[in-house]
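First the structure, in the form of structure tokens, and then the observations on it.
The values are calculated or read from the model by the stated rules, or taken from the named source; none is laboratory data. Bear in mind the structure is a predicted one, so any value in this text is a computation, not a measurement. Every residue, glycine as well, gets a Cβ built from its backbone with ideal geometry; the counts of neighbours run over all protein chains shown.
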Amino acid sequence: MKIALGQINPTVGDFAGNAEKIIGSSRNAQAAGAGLILFPELSICGYPPRDLVERASFVEHNHETAERIAAETRGIAVICGLVTPAQAESGKSVMNSAVLLKDGHIAFLQSKMLLPTYDVFDEMRNFAPAKSQVLFPFCGKQMALTICEDAWNDKHFWNKRMYTFDPVEALVHAGGNFLLNISASPFWMGKRELRREMLATIARTYRLPVAMVNQVGGNDSLIFDGSSFLLNPEGEVVAQGKSFEEDLIYFDSDRLTGDIHSQIEGEEASAYAALVLGTRDYVRKCGFERVIVGLSGGIDSALTAAIAVDAMGRENVIGVGMPGPYSSQGSIDDAQELAQNLGIRFEMLCITEMFEAYRKTLRPIFAGYKEDVTEENIQSRTRGTLLMALSNKFGALVLSTGNKSEMAVGYCTLYGDMAGGLAVISDVPKTLVYRLSRFVNARRPVIPQASLEKPPSAELRPGQKDSDVLPPYDVLDPILEDYVEESHSAEQIASDHGFDLRLVRDVIRMVERSEYKRQQAASGLKISAKAFGYGRRFPIAAKPDI
């Protein structure tokens, strides 16, 4: 039988819009001769719904929408994910489920057993786990239907298993000979390869085909890459969907042949595509059409603006230069050149007079005190105020431009450069910022060469450079990666890299002291295994052992 994978981009809570995607793709698949189509995890309501599942009306909309889809897709069987009521004794009101819609009604229902609680996942908070799962017959196969995490506990792949039970093993032992997995598996760099090899291990171990359909698109901080596929019993990819865009993929369930659609390859290309997709979906799903980016002439704002243009179109991006008393002419020129190269609207608002007004107002209170970071932050906050004023007036979302290295050590100003609705590159370390910027210019040179070459500086005092207070970024970033993403100790980091232990401890102290800033920051797009945000939950008022 010809089977389709419907790789769609749902919006959380948009039942009508999600249903149209499912119905439209199903009809296209039926016209192409497919007898079955699979859609991602919770595709009816969008993933992750989080605490929306606590609303009775939300749960009811899931059921009503499933019935509508069933009625409008007669002639093709449809598997899609939705929220269903749980048994009263479970302690939770709902379950993460999948239904087989056939001949106008719900013919089969399966619920998720393994509910992840690590990183960005908190499904045990919202869902009750299924107590068991069963097979269903289709096109001469015994189909083993699993939902995302249900396939992520294979003892042949993981050195350390997260759960005591393996749903895949149980379904295969019950006679399953074709594994279906509907997923909402978020992207991070390296995740596609890990996901593919993990499922390939299952295919080889149990000598059965594995079909995985994955959600695509951005929902809040999470970016879903799609990259759906079919593996044969040798673990080879025989059908493959695109990455970072909606797609419809067909394969033959007997011959195990299918469509191979090209994917974006390479770390820089994949990370950039993810950031563009995440920005576009965050802005549009939040109801905005335009964005504003403060352009300093530096590399961070240049990369953010380039992403914004690719995400929203140049006509929907406004660049704002806000030179102050310590801004170099070179930086002003770089900001103008960038805007011209990108073809975006550019406005120049000088903050010098406003900064002087602040100083004049505060002079009696600050008498006897030397100028310090206070005056630097006033400049940054003045810029933040102007950006938010433009946001209010023009109905455009401000994109903040701080990178992960700065966010980690607190080299950023609350209500200043941190102001905005989305922190586009807050999960991009400074060294990767440069790599992505060179990737951008390799396609079409838009970022001024001076922005790539000059020493990083906030330009908030004469002659200021980032290196005045921070280690070089090629030293800082490895420390941050090992500490933030790998939870290594200071001693281990120093030993592994040959860094001075005191330096490593100083960096860690900066990370720990800055937690209060990060928890007030705009939402950021996750592209690493461990991003700042709700996937990394640390106390603010704490005295960690460093």
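The number of residues in the stretch 13-36 being touching a helix residue (DSSP H, G or I) at 6+ places or on another chain (Cβ under 7 Å) and either assigned to a loop (DSSP other than H, G, I, E, B) or of a type in the set (V, I, T) (or both) comes to 3.
For every residue, the table says whether it meets (1) of a type in the set (D, E, K, R); (2) assigned by TED's automatic domain parsing to the domain that holds S426.
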| position | (1), (2) |
| --- | --- |
| N232 | no, no |
| G235 | no, no |
| A239 | no, no |
| E245 | yes, no |
| I249 | no, no |
| S262 | no, no |
| E265 | yes, no |
| G278 | no, yes |
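So, in the stretch 70-127, how many residues would count as being polar (S, T, N, Q) and touching a Leu at 6+ places or on another chain (Cβ under 9 Å)?
Here the count works out to 6.
If only residues of the stretch 37-88 that are surrounded by fewer than 17 Cβ atoms within 10 Å (Cβ to Cβ) and in a loop (DSSP other than H, G, I, E, B) are counted, the one that is modelled with the lowest pLDDT is Q87. Summed over the stretch 516-546, residues that are in contact with a Ser or Thr (Cβ under 6 Å, 6 or more places away or on another chain) and outside any loop (DSSP other than H, G, I, E, B) total 2. Restricting attention to the stretch 491-515 and to residues that are among the polar types (S, T, N, Q) and in a helix (DSSP H, G or I), the residue that is nearest to P539 (Cα to Cα) turns out to be Q492.
Every listed requirement among (1) in a helix (DSSP H, G or I); (2) closer than 25 Å to T352 by Cα is met by Q464 save one, (1).
Against the list (1) surrounded by 16 or more Cβ atoms within 10 Å (Cβ to Cβ); (2) within 30 Å of the chain's Cα centre (by Cα), the condition E459 fails is (2). Looking at E376, E353, just one residue is among the acidic types (D, E) and either surrounded by fewer than 18 Cβ atoms within 10 Å (Cβ to Cβ) or without any contact (Cβ under 8 Å) to a residue 60 or more places away in the chain (or both), and that residue is E353.
One residue alone among R363, R359 is surrounded by fewer than 18 Cβ atoms within 10 Å (Cβ to Cβ), assigned by TED's automatic domain parsing to the domain that holds E459, over 17 Å from S457 (Cα atoms) and in contact (Cβ under 8 Å) with a residue 12 or more places away in the chain, and that residue is R359. A single member of F136, F121 is of a type in the set (F, W, Y) and within 22 Å of E67 (Cα to Cα), and it is F136. Quick one: is E41 more than 30 Å from R125 (Cα to Cα), touching a residue at least 40 places away in the same chain (Cβ under 8 Å), acidic (D, E) and in contact with a Lys or Arg (Cβ under 9 Å, 6 or more places away or on another chain)? Considered against the rule, which asks whether it is more than 30 Å from R125 (Cα to Cα), touching a residue at least 40 places away in the same chain (Cβ under 8 Å), acidic (D, E) and in contact with a Lys or Arg (Cβ under 9 Å, 6 or more places away or on another chain), E41 comes out as no. Would you confirm whether or not the stretch 285-292 contains a residue that is surrounded by 19 or more Cβ atoms within 10 Å (Cβ to Cβ) and in a strand (DSSP E or B)? Looking through the stretch 285-292, at least one residue is surrounded by 19 or more Cβ atoms within 10 Å (Cβ to Cβ) and in a strand (DSSP E or B).
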